[in-house]
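The values are calculated or read from the model by the stated rules, or taken from the named source; none is laboratory data. Computed from a predicted model, the values in this text were never measured in an experiment. Here the Cβ positions follow ideal geometry from the backbone for every residue, glycine too, while neighbour counts run over all protein chains shown. With ligands, DNA and RNA removed, areas are computed over all heavy atoms of the protein, side chains included. Shrake-Rupley method; radii C 1.70, N 1.55, O 1.52, S 1.80 Å.
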Amino acid sequence: YLIDRHMDVDKIKKFIFDGVDRSKFKCQNYREESDNKCGPIHLIFIGGLSSSRPYKGYDLLIDMFIELRNYHISQTPELTIIGDGDHLNELKKRCDGIDYIHFKGRLNDNEMLNEICGSDILILPSKSDGEGFGIVALEALSCNKPVIVSKYAGIAELVSKYKVGIVYDPCDIEGA
């Protein structure tokens, strides 16, 4: 495909992707999913919060959740942000006093899996195609969690094809 598009052969790198270890990414033996289906929806974002990853879209996601204060919603959705980086402290300050946005910082694999299993939906709000595939969405899907992904995430095509979540345009404020 790339050669047909006149890509220089020397610039093409091939790597093997074995997928997600489904024996690891499953929710049994981790925090039980909530039996209370009347509570707020709990979304989770996992990714780097640094200036080297501006494509992640975490800034748009946080802005959207901050804006929820202006709406009368009976149960405001909760957002847990897992990740570390040079923007973490700035983002925490922007969310100061907002009790439905939680920052967990960097977690080990077991802690991250526990958070995925305790959430309702994973969101991948990429705002450009710099995201690449978005393996974290595949990990969440392996845990039987639906995903909301930006149209810029490489996994968006699969999410749409297999109807395992929602694909949206992060630049379409009215549609989001």
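What to note about this one:
- Residue check for residue 103: in contact (Cβ under 8 Å) with a residue 12 or more places away in the chain and open to solvent by less than 20 Å² (accessible area, probe 1.4 Å): no
- As for the stretch 91-110, it holds at least one residue that is under 24 Å from residue 24 (Cβ atoms) and part of a helix (DSSP H, G or I).
- For the stretch 1-52, the candidate set comprises residues that are open to solvent by 60 Å² or more (accessible area, probe 1.4 Å) and outside any loop (DSSP other than H, G, I, E, B); within that set, the residue that is modelled with the lowest pLDDT is 11.
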